Amino acid sequence: MKRKLYIKTYGCQMNVYDTERMAELMAPDGFVVTEEPSDADLVVLNTCHIREKAAEKVYSDIGRMRALKDRRARAGKDMMIAVAGCVAQAEGEEIIRRAPVVDMVVGPQTYHRLPVMVRETTRRRAAGERVRLVETEFTIEEKFARLQRPSDKKGPAAFVTVQEGCDKFCTFCVVPYTRGAEFSRPVAQVVAETERLVRQGVVEITLLGQNVNAFHGEGPDGKVWSLARLIRRLAEIDGLARIRYTTSHPRDMDDDLIAVHAEVETCMPYLHLPIQSGSDRVLAAMNRRHKVDDYRRIIDRLREKRPDLALSGDFIVGFPGETDADFQATMDLVRAVGYAQAYSFKYSARPGTPAAEEADQVGDEVKAERLAALQALLAEQQLAFNRATVGRRLPVLLEKPGRRAGQLVGRSPYMQAVHVMVGNEADAAIGAIVEVAITAAGPHSLEGDIVRASDRPAA
Ligand code: SAH
Ligand code: SF4
Ligand code: F3S
């Protein structure tokens, strides 16, 4: 019997990856994905705990699901509600206490058990029992061994998680608690998953990890392989045209990985390398374990090897104790580096993290002011970066239809969204890499004309 599954994804790209895996895990039990929660026999909220706002949104969504569940009950239909992801890991049983409508809580390292949990819940409910299951152990190795990607991947770009968890313990961050200790998948597993994707028409992969450049997976030779070595190996896969990786930590940006940006043609000239703050005092209080200067030197070395590298980052404003001078140091750093794109956030005190206990919390008004100033500067830099590509010819991977008829949207090597109109070029289809003359630039995207369709077959 077919049943319907609705999954809502919050937070980072790793949650996007996990959502796809959960959908695949449920498919053999007859679950088909729906975009409409009111149709769903099973609702999974794949949650994020990184900032307070993200975590609180989950409870309002649970409230909405409860209303849908009540409506279904009146029509004689059931709905199971599962909370997965980082809120599930951080709060566990507490979720059920606060929201008794929730049937299952499953952490990011246990979701391979979701099918068994759903079967048990279904069976015991049919027998009239009210059951609540909570599974939040750290069984990451078992999880990856169980994941099987299917044979119907849609779209030319895909994520592959290669590393998960974090041992860095930045004083503001929940990730070491929600995703657990650093774990790297064996190289052979990553290669096999990537090869399978490429056979299905994928031409670009993004390697994911909370600290992806701390990758230290077991190689086929029994030795520990670095991320640089993994990328060199993946670059040998025929048909894989683009490799990206995210997110990196400055501490793990070694010379070999820097060299990969010059030597591996398929490694894209884009790097997300968060620093969080431009003040050494704040970096020390955050336990980032490097100085602003170390970061500047890494950027210099990267640009020496790959002068056109597009840089991205993450910034936190209003960390406890951050003074005006500290914040100005962040602005100075941003001016000195020049970002193609970046994310910035107000510091959010997270339960259980050391920084949340600090006495000198910064007021929300100050945080808002600093965030506005930083975001204005970053937006200016992003627009300048985009404008500098006008007049150039860039290879663009066509990824999906645009809003207008005949329009497709793709990505440049620098991660910029590029809109093109497709005429009768037979091979300018989704999955193709075409050469585009960039004609216009806005803050968030580029426009251009296809000057040469690809010789690569479309996916
Ligand atoms: N592993 C990555 C980041 C993971 S979280 C790294 O080390 O860079 C993604 C981003 O969320 C972080 O880079 C940080 O900028 C932001 N972030 C994490 N915890 C936060 C908090 N408590 N308040 C505000 N922003 C936070
Ligand atoms: Fe969080 Fe720091 Fe680990 Fe990144 S390196 S996931 S910010 S603890
Ligand atoms: Fe959020 Fe967890 Fe990702 S807290 S950012 S979903 S690792």
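Which members of segment 316-348 meet the condition of being more than 16 Å from ligand 3 (Cβ to nearest atom) and within 13 Å of Ala368 (Cβ to Cβ)?
Answer for segment 316-348, where residues must be more than 16 Å from ligand 3 (Cβ to nearest atom) and within 13 Å of Ala368 (Cβ to Cβ): Val317, Gly318, Phe327.
Filter segment 111-139 down to the residues that are touching a Ser or Thr at 6+ places or on another chain (Cβ under 6 Å) and either open to solvent by less than 10 Å² (accessible area, probe 1.4 Å) or farther than 21 Å from Met22 by Cα (or both) and list them by number.
Matches in segment 111-139: Val131 only.
Determine if segment 275-284 includes at least one residue that is open to solvent by 20 Å² or more (accessible area, probe 1.4 Å), small (Gly, Ala, Ser) and assigned to a helix (DSSP H, G or I).
Start the filter on segment 275-284 by keeping residues that are open to solvent by 20 Å² or more (accessible area, probe 1.4 Å), which leaves 280-281, 284.
Filter again for small (Gly, Ala, Ser), leaving 284.
Now restrict to residues that are assigned to a helix (DSSP H, G or I): 284.
Yes.
If you scan segment 98-140, which residues turn out to be among the polar types (S, T, N, Q), in contact (Cβ under 8 Å) with a residue 40 or more places away in the chain and within 27 Å of Phe183 (Cβ to Cβ)?
Within segment 98-140, the first condition is being among the polar types (S, T, N, Q), and the residues that meet it are 109-110, 121-122, 136, 139.
Okay, now just the ones that are also in contact (Cβ under 8 Å) with a residue 40 or more places away in the chain, so 109, 121-122, 136.
Matches in segment 98-140: Gln109, Thr136.
Of the residues Ala284, Ala342, Ala349, only one is free of Cβ contacts under 8 Å to residues at least 12 places away in the same chain and within 16 Å of ligand 2 (Cβ to nearest atom); which? Steps first, answer last, please.
On the way: Ala342 fails: free of Cβ contacts under 8 Å to residues at least 12 places away in the same chain; Ala349 fails: free of Cβ contacts under 8 Å to residues at least 12 places away in the same chain.
So the residue among Ala284, Ala342, Ala349 that is free of Cβ contacts under 8 Å to residues at least 12 places away in the same chain and within 16 Å of ligand 2 (Cβ to nearest atom) is Ala284.
Kindly state which strands (runs of 3 or more DSSP E) lie completely within segment 388-435 and contain at least 3 residues that are surrounded by fewer than 19 Cβ atoms within 10 Å (Cβ to Cβ). Step through it out loud before you land on a result.
Numbers: elements: 393-401, 407-411, 417-421.
In segment 388-435, the matching strands (runs of 3 or more DSSP E) lie at 393-401.
Could you please find all residues in segment 8-30 being over 28 Å from Gly209 (Cα atoms) and touching a residue at least 60 places away in the same chain (Cβ under 8 Å)? Can you show your working first?
From segment 8-30, those over 28 Å from Gly209 (Cα atoms) are 29-30; that's our starting set.
Within segment 8-30, Asp29 is the sole residue that qualifies.
Taking Arg119 and the conditions (1) charged (D, E, K, R); (2) assigned to a helix (DSSP H, G or I); (3) within 16 Å of ligand 1 (Cβ to nearest atom), which numbered condition does it fall short on, given that it satisfies the others?
Among (1) charged (D, E, K, R); (2) assigned to a helix (DSSP H, G or I); (3) within 16 Å of ligand 1 (Cβ to nearest atom), Arg119 violates only (3).
Please determine whether any residue of segment 52-61 is open to solvent by less than 10 Å² (accessible area, probe 1.4 Å), within 16 Å of ligand 2 (Cβ to nearest atom) and within 30 Å of Val202 (Cβ to Cβ).
no
If Leu377 satisfies all but one of (1) closer than 26 Å to Lys168 by Cβ; (2) touching a residue at least 12 places away in the same chain (Cβ under 8 Å); (3) in the same structural domain as Glu265 (by TED's automatic domain parsing), what's the number of the condition it fails?
So the condition that Leu377 fails would be (1).
Checking the condition touching a helix residue (DSSP H, G or I) at 6+ places or on another chain (Cβ under 6 Å), at pLDDT 95 or above and open to solvent by 20 Å² or more (accessible area, probe 1.4 Å), which residue from Gln341, Gln381, Gln375 passes?
On the way: Gln381 fails: touching a helix residue (DSSP H, G or I) at 6+ places or on another chain (Cβ under 6 Å); Gln375 fails: touching a helix residue (DSSP H, G or I) at 6+ places or on another chain (Cβ under 6 Å).
On inspection, the qualifying residue turns out to be Gln341.
Quick one: is Thr139 under 30 Å from Arg350 (Cβ atoms), hydroxyl-bearing (Ser, Thr, Tyr) and more than 16 Å from ligand 2 (Cβ to nearest atom)? Break it down into steps so the answer makes sense when it comes.
On the way: under 30 Å from Arg350 (Cβ atoms): yes; hydroxyl-bearing (Ser, Thr, Tyr): yes; more than 16 Å from ligand 2 (Cβ to nearest atom): yes.
Spelling it out, Thr139 is indeed under 30 Å from Arg350 (Cβ atoms), hydroxyl-bearing (Ser, Thr, Tyr) and more than 16 Å from ligand 2 (Cβ to nearest atom).
The values are calculated or read from the model by the stated rules, or taken from the named source; none is laboratory data. Worth saying up front: this structure is predicted, and the values here are computed from it rather than measured. Note that we place each Cβ from the backbone using ideal geometry, even for glycine, and neighbour counts take in every protein chain shown. Side chains included, ligands, DNA and RNA excluded: accessible areas come from the protein's heavy atoms. Shrake-Rupley method; radii C 1.70, N 1.55, O 1.52, S 1.80 Å.
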